[in-house]
Structure formats: C-alpha cells, structure tokens
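This report refers to the structure that appears directly beneath it.
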Amino acid sequence: MRFHLIDKLISFTEWKEASALKNVTYGNPEFINENHYMDDTLLLESMFQCAAWLIVISSGQKLRPTIVTAEGYQIYEHASPGEQLIITITIEDYNAEYATIRGEVYKKDKLCVTLKNAILKLVDTWELEDPEITKKYIKYLTQKRGDVGI
C-alpha cells in the first residue's frame with residue numbers, strides 16, 4: 001500500500017531544506033493507535049516523506065531516497081487527531097548516491113520529535129513511478145492556498 005502523510009509542502013530550498021504540514025485526523029483510522037494518538041512510527045515516516053519529496057523535486061524527479069539508517073529519533077510529545085504538525089527536514093550532505101538528513105516535528109512552536117541523523121540511498125526513479133502522476137502530485141503539494149486544483 002502506498003500512502004501520503006504529507007498534506008502540503010510549505011516551503012523548500014532545493015537540496016537544502018523543506019517544511020511540510022501534516023493534519024492528524026481520524027480519516028485514516030489505521031494511523032491512530034489504541035491510545036488515540038498518531039502512531040510514533042508514522043511520525044518518523046512523515047519526516048522521511050518530507051525528505052523524499054524534497055529530493056524528488058530537487059533532482060527533477062530523477063531520484064528517490066530509500067532509508068539506510070536512522071539515528072537519534074526521539075519523541076517528546078505525541079500527536080492526536082485535530083492537531084496540525086509542521087515537519088522540517090534539512091539535508092546536511094549529499095552526493096550522487098547518498099544524502100544525510102536531520103529533522104524535527106512541531107505542534108505550533110512545541111518540539112514533538114527529533115531525528116538527529118539519517119542516511120538515505122538515492123535511487124533512480126525511472127522504473128519506480130509515472131513521471132506525470134508524480135508531477136501532478138508535486139503541483140498539488142506545492143500549490144498556494146486559493147490556487148485552483150490540479
């Protein structure tokens with residue numbers, strides 16, 4: 001199953017950083033655990049998805065990352081339905097094969113999650129996805145409020 005955890009890319013600078021929004025809802029009940037908050041692994045996945053879209057956009061849809069390592073993942077506060085998360089990702093270093101990132105998740109100004117260091121292997125996307133569908137989704141993720149939909 002393929003699913004998207006990022007609702008909107010707020011801003012990005014190619015090969016440097018990105019910020020994204022995630023609205024936590026009951027719309028996907030499988031994402032909410034028995035304690036009524038978003039599963040912790042999905043918070044980490046949302047950070048990786050933000051990084052993935054940054055890399056896809058930065059590479060002109062030629063590269064997509066796969067996770068190699070993740071270190072320093074710490075949760076300070078859980079996210080419940082009705083809350084909006086701001087995800088920030090920074091690419092610390094990259095080359096033709098790998099990228100190193102760090103990230104944070106916030107609720108308003110409150111830090112909820114940190115990822116100190118992750119290594120991502122960059123793979124060619126030519127066999128992985130349809131470029132036109134990806135282009136449409138990038139447009140959807142980056143459109144400003146009030147813009148006409150795709």
(Q) I'm trying to understand the selection: among the residues of region 35-79, which are of a type in the set (Phe, Trp, Tyr) and either within 20 Å of Glu132 (Cα to Cα) or in contact with a His (Cβ under 9 Å, 6 or more places away or on another chain) (or both)? (A) Tyr37, Trp53
Q.
Checking the structure you have, find out if any residue of region 78-86 is in contact with a helix residue (DSSP H, G or I) (Cβ under 9 Å, 6 or more places away or on another chain), closer than 17 Å to Lys107 by Cα and among the small types (Gly, Ala, Ser).
A. yes
Q) Which of the following residues is more than 14 Å from Pro65 (Cβ to Cβ), surrounded by 16 or more Cβ atoms within 10 Å (Cβ to Cβ) and modelled with pLDDT under 95: Glu104, Glu83? A) Glu83
Q) Quick check, is Ala99 among the aliphatic types (A, V, I, L, M), surrounded by 14 or more Cβ atoms within 10 Å (Cβ to Cβ) and over 12 Å from Leu44 (Cβ atoms)? A) yes
Q | Qualifying residue in region 127-141 (condition: among the aromatic types (Phe, Trp, Tyr) and either touching a Leu at 6+ places or on another chain (Cβ under 6 Å) or assigned to a loop (DSSP other than H, G, I, E, B) (or both)) | A | no
Q: Name every residue in region 18-57 that is of a type in the set (D, E, K, R) and surrounded by fewer than 20 Cβ atoms within 10 Å (Cβ to Cβ), in order of residue number.
A: Glu30, Glu34, Asp39, Asp40, Glu45
Q. In the list Leu85, Leu42, Leu54, which residue meets the criterion of being more than 18 Å from Thr25 (Cβ to Cβ), of a type outside the set (Gly, Ala, Ser) and touching a residue at least 12 places away in the same chain (Cβ under 8 Å)?
A. Leu54
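The values are calculated or read from the model by the stated rules, or taken from the named source; none is laboratory data. Note that the structure is predicted; figures quoted are calculated from it, not measured. Positions of Cβ are backbone-derived with ideal geometry, glycine not excepted, and every protein chain shown enters the neighbour counts.
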